[in-house]
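Asks: Would you mind keeping the following structure in view while I ask a few things?
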Amino acid sequence: MTHEKALAPGTVIQGEKRSYRVVDVLRVDGLGFAYKAVTEVRRGSRIIEVPTVVREHMMIRCSHRGPDGVTVVTPEDIAPTVDSCLEVFIQSSLERARISAECPWIINVLETFRSNNTYYYAVEFLDGDTLEDYVMKMGGSLTFEQARKVLAPIFDAVRTLHANKAVHTDITPWHIRFVHRGDELIPVLFSLYASMHFNDKGTQQWSIPVMTCEEGYAPPEQYTSIEHFCPQMDIYSLAATLVYALSGRNLPDSRGLSEDVVRETLPPTVPENIVSAILNSLNSDPAVRTSTVTKFREDLGTFQGESANETSRSILDDDGNSTDDGYTLLSYMRENWLRLLIPLVMLGVLVALVASM
């Protein structure tokens, strides 16, 4: 019944930067729909279709479609309630887009826009392997060095969220996907729809959407009401994800987790200092738990990844052109430093000669 109010396949949603043709419904909830869509981009002399995900705000129990089958129409008596929720959707979409632009390891928000008497935000469609798939293909578990290489960028992504007074709340092995950026395969954190955002005083900016609790990855306090900025929630989820990477096993419900269970889950080859760092980040008490991504990294030892500045941002740039070659300005400067240095040296010599005349 709820899908009857979804946009029909083939419907074109006109954004500010590009248009999106609906292919299918991926998700529906009380606030609206998530669609798989395609948008056209130019790659050289060709125009190709690139898959995207478009989220539409439509409170299906309050609103309906107009005669055109596209426009969102809301009765006057409940319009104030719907408008209030729409404003929250707009603000959260803009905030997620702003944070996404700061880190290449976070799913790319392509644009946010008004259309059809409602609001949308579009993100890149990730169809690579999840971390869960990757671990299975690697034999069911990763070495610490393999896990470090895979998860260090995700630590960067979470640190970016926390620096912007936001928590992800749903970090799991299936919310990390690998995507190709040129010749590189990089991990990307997605499912931003679950993120919570806080103001400078640390209080929540809005109360929707309702958090989900993924067993084994959600800390005990996430099963209650969260009113203040609590990055320790994501620290717990990061630690549980690291346990999965090292063991190929999901931890049980956090409300019954013990140190013995964690130790039994981890392979015996994991060094004690790493086990200790993980245990501190899985503490059931958020006041005692490792409090920051930086501290968790320090406890793990060398757990740094590639500089975010050296990685191409997306297959689409702001103009809708392909950047799939993954070649950045920094890459060019690194490879052509001598060619760039010679003119500078010659200029310096010329300036010195002129000054001496």
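Asks: Please pick out the residue among Ile274, Ile315, Ile278 that is of a type in the set (Val, Ile, Thr), at pLDDT below 95 and surrounded by 13 or more Cβ atoms within 10 Å (Cβ to Cβ).
Replies: Result: Ile315 is the single residue among Ile274, Ile315, Ile278 that is of a type in the set (Val, Ile, Thr), at pLDDT below 95 and surrounded by 13 or more Cβ atoms within 10 Å (Cβ to Cβ).
Asks: Just one of the numbered conditions (1) open to solvent by 10 Å² or more (accessible area, probe 1.4 Å); (2) touching a residue at least 40 places away in the same chain (Cβ under 8 Å); (3) over 18 Å from Ile171 (Cβ atoms) is not true of Asp260; which one?
Replies: (2)
Asks: Determine which single condition Met136 fails, assuming it passes every other condition in (1) surrounded by 18 or more Cβ atoms within 10 Å (Cβ to Cβ); (2) aliphatic (A, V, I, L, M); (3) farther than 23 Å from Thr39 by Cβ.
Replies: (1)
Asks: Can you go through Ala245, Ala218 and tell me which one is over 16 Å from Phe198 (Cβ atoms), open to solvent by less than 30 Å² (accessible area, probe 1.4 Å) and in a helix (DSSP H, G or I)?
Replies: On the way: Ala218 fails: in a helix (DSSP H, G or I).
Answer to the selection: Ala245.
Asks: Among the residues of region 256-271, are any in a helix (DSSP H, G or I), closer than 27 Å to Ala163 by Cα and touching a helix residue (DSSP H, G or I) at 6+ places or on another chain (Cβ under 7 Å)?
Replies: Checked region 256-271: no residue is in a helix (DSSP H, G or I), closer than 27 Å to Ala163 by Cα and touching a helix residue (DSSP H, G or I) at 6+ places or on another chain (Cβ under 7 Å).
Asks: Looking at region 74-98 only, could you name the residues that are over 17 Å from His162 (Cα atoms) and touching a residue at least 60 places away in the same chain (Cβ under 8 Å)?
Replies: Once the filter is applied, which keeps residues that are over 17 Å from His162 (Cα atoms) and touching a residue at least 60 places away in the same chain (Cβ under 8 Å), region 74-98 yields Cys85, Val88, Gln91.
Asks: Quick one: in region 181-204, of everything that is more than 21 Å from Arg27 (Cβ to Cβ), out of contact with any strand residue (DSSP E or B) (no Cβ under 8 Å at 6 or more places or on another chain) and without any contact (Cβ under 8 Å) to a residue 60 or more places away in the chain, which residue is most open to solvent (accessible area, probe 1.4 Å)?
Replies: Looking only at region 181-204, we keep the residues that are more than 21 Å from Arg27 (Cβ to Cβ), and these are 181-187, 198-204.
Applying the additional criterion that residues be out of contact with any strand residue (DSSP E or B) (no Cβ under 8 Å at 6 or more places or on another chain) yields 181-184, 199-201.
From what's left, without any contact (Cβ under 8 Å) to a residue 60 or more places away in the chain: 199-201.
Values: Asn199: 50, Asp200: 149, Lys201: 182 Å².
The selected residue is Lys201.
Asks: Here is a further query. Could you check Met59 against (1) open to solvent by 30 Å² or more (accessible area, probe 1.4 Å); (2) closer than 20 Å to Val22 by Cβ; (3) without any contact (Cβ under 8 Å) to a residue 40 or more places away in the chain and say which number it fails?
Replies: Of (1) open to solvent by 30 Å² or more (accessible area, probe 1.4 Å); (2) closer than 20 Å to Val22 by Cβ; (3) without any contact (Cβ under 8 Å) to a residue 40 or more places away in the chain, only one is false for Met59: (1).
Asks: Right, here's the next one. For region 108-133, give me the residue count where each residue is within 24 Å of Val12 (Cβ to Cβ) and either assigned to a helix (DSSP H, G or I) or open to solvent by 30 Å² or more (accessible area, probe 1.4 Å) (or both). So that I can check it myself, show each step before the final result.
Replies: We begin by selecting, within region 108-133, every residue within 24 Å of Val12 (Cβ to Cβ); these are 108-127.
Okay, now just the ones that are also either assigned to a helix (DSSP H, G or I) or open to solvent by 30 Å² or more (accessible area, probe 1.4 Å) (or both), so 114, 116-117, 125, 127.
Going through region 108-133 one residue at a time, the tally reaches 5.
Asks: Continuing with the same structure: The conditions are (1) of a type in the set (Ser, Thr, Tyr); (2) touching a strand residue (DSSP E or B) at 6+ places or on another chain (Cβ under 6 Å); (3) closer than 24 Å to Ala194 by Cα, and Ser92 fails exactly one of them. Which is it?
Replies: (2)
Asks: Could you figure out which of (1) at pLDDT 90 or above; (2) farther than 14 Å from His168 by Cβ; (3) of a type outside the set (Val, Ile, Thr) isn't true of Leu189?
Replies: (2)
The values are calculated or read from the model by the stated rules, or taken from the named source; none is laboratory data. Bear in mind the structure is a predicted one, so any value in this text is a computation, not a measurement. Using ideal geometry, Cβ is built from the backbone for each residue, glycine included, and neighbour counts are taken over all protein chains shown. The protein model used for the area step is the full one, side chains on, heavy atoms only, and it has no ligands, DNA or RNA in it. Shrake-Rupley method; radii C 1.70, N 1.55, O 1.52, S 1.80 Å.
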